[in-house]
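The values are calculated or read from the model by the stated rules, or taken from the named source; none is laboratory data. What you see is a predicted model; the values in this text were computed from it and never measured. With ideal geometry, Cβ positions are generated from the backbone for all residues, glycine too; neighbour counts draw on all protein chains shown.
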Amino acid sequence: MTTLRLIPLVALTAIVACEQATPNASPTDTGIALARTAAAKDSLIRVKDSLLADKSRQLSEQSQLLGDAAASARMAAQIEKTLSDVRLARTKGEALPVEGSMPSTAAQLEMADRKVKTLIARLNASQARVRRMQTDSVTRASMDSVTLVRLADYERSITELRGTVERQQAEIVALTTRVDSMRRENVVLVARNDTMVMRNNALLAREDSAYIVIATEKELIDRGIVRKEGGTKLLFGAGKSLVPGRTFDPTVFRVVSKQRDTAIEFPRPDKQYQLVSRHNLQFTNQAAIRDAKVKGPLTITNPEMFWAASKYLIFVERD
């Protein structure tokens, strides 16, 4: 390639020398003007165009290097700004981890990592371009000392910027690891909190649960929910009263909420229902009744006091 490039230069030198030796040549004429033949003029024009093209290419490459350097510096500044924001968020988050901020922080780090990879690829391309210009003998031969110094400056700048980017990349890895660790810790904390909430809800639900059964006397006795106590054998069981059984099967009761289910409906509005359990009707809308026999809907006016006696409410149907 070098030999081919030197041929036009040798030809240019020979032609110009020959033409300058011509007696009729004017000192102010260009080399093209001194050429005596069309072939010589064409040769000189081609050499001149080639030199101008080389110079234009050099200027274009230098301009591109400058543009790349500016763009790379801006991108490095953007990455540094992102890392500064993440550092601040992490400092605040270490004192009091905020779950909502973590996805945003992770996204910022992911974007910064993509920018770092893009910037490294750009620096590699710029450095390869500089070295190609430095090592290409033809290009180097046509460069002046100022251009060579600029190329050396470009290469130093690229090296310095690469060091900054590599530091940023290492910090991104460290911050990402920290964020992932905090995220895992939060997952554990959230799981523990959920478990505690579930337990609390279960306790509250259990505490709020009450059980109601309304049936005939025979049905209640057969199920073991009530039994007869008192009276004498001489009176053939007369005087005995119904009392709640010592043990129940909770599945035969209807589950209600103490706080929400304050209205109790009876199966048959034409029947009376006697209260067997130890609940106090003073805390209902039928506080004035006698013999604990109610008819029609029963409304609990003070759930806390009403259910204090027992969470099992038993009514027996009467004629």
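General observations
- When residues in segment 274-319 are screened for being under 20 Å from Val243 (Cβ atoms) and of a type in the set (Gly, Ala, Ser), 5 of them pass.
- Residue in segment 83-94 that is hydroxyl-bearing (Ser, Thr, Tyr) and either farther than 13 Å from Leu161 by Cα or at pLDDT below 75 (or both) present: yes
- Segment 302-319 - residue that is under 18 Å from Val256 (Cα atoms) and free of Cβ contacts under 8 Å to residues at least 60 places away in the same chain and, of those, surrounded by the most Cβ atoms within 10 Å (Cβ to Cβ): Phe306
Okay, residues lined up against (1) of a type in the set (Lys, Arg); (2) loosely packed, with under 12 Cβ neighbours inside 10 Å:
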| position | (1), (2) |
| --- | --- |
| Val165 | no, no |
| Gln168 | no, no |
| Met182 | no, no |
| Val187 | no, yes |
| Asn201 | no, yes |
| Ala205 | no, yes |
| Gly224 | no, no |
| Lys240 | yes, no |
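- Check on Ser126, of a type in the set (Ser, Thr, Tyr), assigned by TED's automatic domain parsing to the domain that holds Gln168, within 16 Å of Leu175 (Cβ to Cβ) and modelled with pLDDT of 70 or more: no
- Taken over segment 113-134, the criterion of being farther than 15 Å from Gln78 by Cβ, of a type outside the set (Lys, Arg) and in contact (Cβ under 8 Å) with a residue 60 or more places away in the chain is satisfied by Ser126, Val130, Met133.
- Residues in segment 205-231 that are under 17 Å from Gln272 (Cβ atoms) and in a helix (DSSP H, G or I): 4 in all.
- Any hit, segment 169-176, residues being modelled with pLDDT of 90 or more, assigned to a helix (DSSP H, G or I) and in contact with a strand residue (DSSP E or B) (Cβ under 7 Å, 6 or more places away or on another chain): no
- Pairing each residue of segment 277-301 that is more than 15 Å from Ile264 (Cα to Cα) with any residue that is of a type in the set (Lys, Arg) and assigned to a loop (DSSP other than H, G, I, E, B), provided the two are 6+ apart or on different chains, yields C-beta distances under 9 Å for Ile289/Lys295.
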